[in-house]
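Reviewing the structure listed below.
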Amino acid sequence: MSSMKRNTRQRVILGLLIAQAATLLVLFLVSGRVAATAESDHQDALLATKTAEAIDRMRAHLQPAESVVTLMSNALAEGELSESTVTRTFIASMEDTDHLDGVFVGRPDGSFLYVSRADEGYRIKTISKAGGLSTTELTTVDDDGTPEGTELDPTDTYDPRTRPWYQQAAALDGPVGWTDPYVFFTSQQLGLTATAPIIHDGELVGVVGADIELGSLSTFLTSLDIGVDGSAVIVNQDGVVIAHPDSSLLQRQTDDGYRTVTISEFDDERARAAVGSFVIEGAAEGPFVAAFTNERIGASRASFRTVAVGDGEWTVAVFGPEDSLVGGLASARATERTLLAVAGGIAFLLVAFVASRATRPLDDLDRHAWSDMLTGIPNRRSILLSAEREVARSDGPGALAIIDVDNFKQINDTYGHQVGDEVLAEIVSRAETSLPTGSAVGRIGGEEFLVVLPGQDTDTALQACEDMRTLVRSAPIEASVGKIDATISVGLASTPGPTGRDHLMAIADRALLDAKTSGRDRVVVSNEPN
């Protein structure tokens, strides 16, 4: 791939030189049109790329909530699980996903089990029904699940059956639904709830839900490099703003607490100008790039892409002024044309000199686009593409495995994120050492990694994963603060022939959750049919 990147850079430089020579030959008659087209293409490509990055992050952000409600609704539909088992599963899911704020299950008789985060540990709310009476019990447990205190709340009148999430899930045609965004009562943070019905013998026997905060989506948007005045925003089909680099604008205080904000009242003039005429007026029906004008920042461009979330749609808009999007290219081309009129030969040499240096960042940009900066292995986008190619084109057996570092949040909380990064880097090094030739491992988010095992049947893939797990735990990791013990859990899914990447990853993800909930530091092979 590196040679391809170098060829891309060379082609860019060569194209600029050829364009310059052509401009000299036609006496500057067509240079304006060529420059304008190049600038427009550059702007559109930049905006479309950033929009795709935001879409990938948004999907990754919502996926943990969808996974846990799907898994638990299926498990509870197959038979009753003990309350302690459900509680442990909920806690394990929240340990693995920082932005998962709470997980719960409600029943048709009004009983309710809710696990949420507390200042230290977790808070468990249990509503039980017996003899026509309702009892609410509140229990606090530490990070290890050890109870620290229990009390009764005789004043509690909460009934899950009256809540919108319950009623919505009860009417679902599909497996997972999403509520509209709202401000959580406890944390006062913007979020939404994923829900799934529990169906047994054709009857509704309960609803599983998961609350997920949206704050880290706004944090991610701040990292998008969209020029000096560029920005991004995510809105739903009703115009409610879900994410924006300035998260303080996403909610407003009322007499009753906080409420969401629509794009029409949003305190960002550029966002209103970019989104209002396309999303609110119904023009944003698919991926496209459009021009718009803002009185303060002038001619601008925006990229839009819409994604289904439950029964609704979220639109990602990335936008910025045209001059800002092309950076210094516009002024460089103006200078270039002036120099051509004065001395064409000198200008040709200057363009070659500037182009060779100005395009050097392309190597870094390509590396950032395909590699994880911490570990050096393929990033989410790259490894998913590899997995899609290998799984789809393989005529023989193949496998995918998802790795998750056990108790990684505890490592970060105890030693800090820098030490956590050291642990991840060493685990990746050991994992790569143990994998068979032709395999690939990439980081798909946080402490989670995807392993592609082409040509491996179930037995050989299982042995490879066991070798990897054993090597990780074989010796403590030498970190800057001393030795740290680390283990991994692995979910493995294999296929005897061609299949879909997403289908195989979903199977591996469920196997990983089984590994986490059954004790961690183990490999679980899915026994689901492919």
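The values are calculated or read from the model by the stated rules, or taken from the named source; none is laboratory data. Just so it is clear, the structure is predicted and the values come from calculations on it, not from any experiment. Cβ: placed from backbone, ideal geometry, glycine included. Neighbour counts: every protein chain shown.
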Of the residues that make up the range 416-423, is at least one under 30 Å from F90 (Cβ atoms), in a helix (DSSP H, G or I) and hydrophobic (A, V, I, L, M, F, W, C)? yes
Which one is surrounded by the most Cβ atoms within 10 Å (Cβ to Cβ), of the residues in the range 92-110 that are modelled with pLDDT of 90 or more and of a type in the set (V, I, T)? V103
Quick test for you: out of L47, L113, L71, pick the one residue that is surrounded by 20 or more Cβ atoms within 10 Å (Cβ to Cβ) and in a helix (DSSP H, G or I). L47
Give the residue, chosen from A464, A425, that is in the same structural domain as E390 (by TED's automatic domain parsing), surrounded by fewer than 21 Cβ atoms within 10 Å (Cβ to Cβ), modelled with pLDDT under 95 and of a type in the set (A, V, I, L, M). A425
State whether the residues of the range 431-446 include one that is in contact (Cβ under 8 Å) with a residue 12 or more places away in the chain, touching a Lys or Arg at 6+ places or on another chain (Cβ under 8 Å) and of a type in the set (G, A, S). yes
Pairs, first not assigned by TED's automatic domain parsing to the domain that holds L385 in the range 38-60, second modelled with pLDDT under 90 and among the hydroxyl-bearing types (S, T, Y), C-beta under 6 Å, six or more apart: L47/S303; A48/S303; T51/S303
Just checking, does the range 143-151 include any residue being at pLDDT 90 or above, over 24 Å from L204 (Cβ atoms) and either not in a strand (DSSP E or B) or not polar (S, T, N, Q) (or both)? yes
Selection from the range 116-135 of residues of a type in the set (D, E, K, R) and either at pLDDT 95 or above or under 16 Å from D159 (Cα atoms) (or both) yields K125, K129
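Matching residues to (1) among the acidic types (D, E); (2) modelled with pLDDT under 95; (3) assigned by TED's automatic domain parsing to the domain that holds K516:
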{"position": "A343", "(1), (2), (3)": "no, yes, no"}
{"position": "F353", "(1), (2), (3)": "no, yes, no"}
{"position": "R357", "(1), (2), (3)": "no, yes, no"}
{"position": "L365", "(1), (2), (3)": "no, yes, no"}
{"position": "A369", "(1), (2), (3)": "no, yes, no"}
{"position": "E390", "(1), (2), (3)": "yes, yes, yes"}
{"position": "S394", "(1), (2), (3)": "no, yes, yes"}
{"position": "L400", "(1), (2), (3)": "no, yes, yes"}
{"position": "Y415", "(1), (2), (3)": "no, yes, yes"}
Strands (runs of 3 or more DSSP E) wholly inside the range 178-268 that include at least 1 residues being among the hydroxyl-bearing types (S, T, Y) and either over 30 Å from D323 (Cα atoms) or under 23 Å from the mean Cα position of the chain (by Cα) (or both): 190-200, 231-236, 251-254, 257-260
In the range 35-87, how many residues are polar (S, T, N, Q) and over 21 Å from G106 (Cα atoms)? 6
Can you tell me which residue in the range 207-232 is nearest to A60 (Cα to Cα), limited to those that are among the β-branched types (V, I, T) and at pLDDT below 90? T219
